[in-house]
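Asker: The structure follows.
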Amino acid sequence: MPSADLLASVTETLRRNGGKMMESQLLKALQAKGRDLSLSDLRRALLVLELNGVLRVHSLDEERKLVTL
């Protein structure tokens, strides 16, 4: 289970960027803030947030995903 701090950072980063970002951009933004985060860690956090109704993850193709609040 992802930490509450990570979940808060994900939603805050999305809010600061207009409520939508590509998954790859979100990962880079969180890593730029000093988070040691892998793609699988981010996807786990996104799954928890999506299941709780906080955000949506839209698959554009196999590799590209759009995350929206």
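The values are calculated or read from the model by the stated rules, or taken from the named source; none is laboratory data. Note that this is a predicted model, so its numbers are computed, not measured. Backbone-built Cβ (ideal geometry, glycine too); neighbour counts: all protein chains shown. Ligands, DNA and RNA are excluded from the accessible area calculation, which covers all protein heavy atoms including side chains. Shrake-Rupley method; radii C 1.70, N 1.55, O 1.52, S 1.80 Å.
Asker: Being in a strand (DSSP E or B) and either touching a Cys at 6+ places or on another chain (Cβ under 8 Å) or touching a residue at least 40 places away in the same chain (Cβ under 8 Å) (or both), is that true of even one residue in the range 43-66?
Answerer: yes
Asker: Taking interchain pairs and intrachain pairs at least six residues apart, which have beta carbon atoms under 6 angstrom, with the first residue in the range 1-20 and over 18 Å from L47 (Cβ atoms) and the second of a type outside the set (V, I, T)?
Answerer: Pairs that qualify, where the first residue is over 18 Å from L47 (Cβ atoms) and the partner is of a type outside the set (V, I, T), are G19/L69.
Asker: Still on this model: Out of the residues in the range 6-41 that are open to solvent by less than 60 Å² (accessible area, probe 1.4 Å) and under 13 Å from L66 (Cα atoms), state the one that is farthest from the chain's Cα centre (by Cα).
Answerer: My answer is G19.
Asker: Taking the condition among the basic types (K, R) and at pLDDT below 95, does K28 pass?
Answerer: no
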